[in-house]
Every structure is written in C-alpha cells, then in structure tokens.
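One structure is given below, encoded as structure tokens.
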Amino acid sequence: MATDVITLITHDHRTVESLFERLKKGAGDPSAAVAELRALLTAHARAEEDRVYPGLDAHHGVEEHKEAEVLLDALVRAQPGTPEFAETLDQLVESVSHHVQEEETTLLPALARTASEAELRELGKAFLQRREEELRALKGGGAAEPTKAELYEQAKQADIPGRSQMDKDELQEALSRAKS
Ligand SMILES: [Fe+2]
Ligand SMILES: [Fe+2]
C-alpha cells in the first residue's frame, strides 16, 4: 500500500460527504448510515490526531473533532424521521464541512509543502494502520475478531479482486477500503 496520506484523508472526506447525502435524502436504512458515519469519522479523527496532526499546528482541528463527536452521539440517540434528527444532522454536516474545508485548504497543503513524497507515503501507512485499529475496536468492541473464513466470505460478497491470494490482514484491509 503506497498511497500518500493526503489522498487517503481526502478520500475519507468524500466518503463522509456521500454518507451525509444519503442521510439527507433519507435513502436506505438511516440507522445503518449513522453507524457507518460514526465509525468512519471516529477512526479517521483518531488516526489524524495520532499520526498526522503531530508536527502540524492542529490544535483547532482537535477541538473540531470533539465538537463532531458530541454531535455524532446526539445523532445516534435521535430517532430518524424526527425534527431532532434532521436538526442534529444539519449541525453535524455544517460542523464537519467547515472542518474538512479547513483541513483541505490549510493543513493538508502545509503538509504537502513540508513533507517529501516518501514521507507522505509513510504517513499514509501509519494513518491507515491507526484507522484500521480503531475501526476494528469500534466494530468488535475489542472482542470477537472475525476469522479468516468470515473475512473471505465478506470479501466474496464485496467482490474484492485477488481475495483468494490474501492473508487475513490483507483481507481486512481490502474490506475496510471497499467499505469506505
Ligand atoms: Fe480529516
Ligand atoms: Fe479532521
């Protein structure tokens, strides 16, 4: 996996935006979309804070992550279809969009100016690893890890190419990429 950290972060941002769209339209199962959004945003924010923000002047970004977390909690508690849900969603969309815009216009360009391409790829690896760890902990509560057979079955359903060649970690990684 030789993807640079800026591409990875930006890709997550676009995924978050498409989840927002899904929720605003009320398409599909809103609770599932909220759960997906929460897992992705939380893992993404942790990975940024632990692997990308150090070395950057990103204190403000951490504050905004906290704000999003509070709104996400409220969204999880709200009943889809109620005015409370719609209002909380609007607040979350506004807060996260503002944050994403700041990252993409200030933080990430600063990183691109100061780090070499090799460093950006190294950071990408570290970011992805930290993000996976967090996603796994959030999904399994740290308990039952899926078996290789279960992962393979999921990979088959997601039609992930090259799955029969993959070991357990690779399956896990390919799956979480496919989902995001
Ligand atoms: Fe971000
Ligand atoms: Fe962020």
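Of the residues T42, G28, S18, the one whose Cα sits farthest towards the positive end of the charge dipole of the stretch 1-97 is G28 (charges of +1 on Lys and Arg Cβ, -1 on Asp and Glu Cβ, taken about the Cα centre). Every helix of 4 or more DSSP H residues in the chain counts as -39500 (n - 2.57), and over all residues that averages to -24000 deg cm²/dmol at 222 nm. Ranked from largest, the principal axis spans of the Cα set of the chain equal 48, 41, 27 Å. Remark: the chain carries a charge dipole of roughly 600 debye about the Cα centre, counting +1 on each Lys and Arg Cβ and -1 on each Asp and Glu Cβ.
Taking the charge dipole of the chain about its Cα centre, with +1 at Lys and Arg Cβ atoms and -1 at Asp and Glu Cβ atoms, the residue from S180, Q91, Q154 reaching farthest to the positive side is Q154.
Just so you know, all these numbers are worked out from the coordinates, no wet-lab data involved. Here the structure is a predicted model, which is why all the values come from computation and not from measurement. Neighbour counts run over all protein chains shown; Cβ positions are idealised from the backbone, glycine included.
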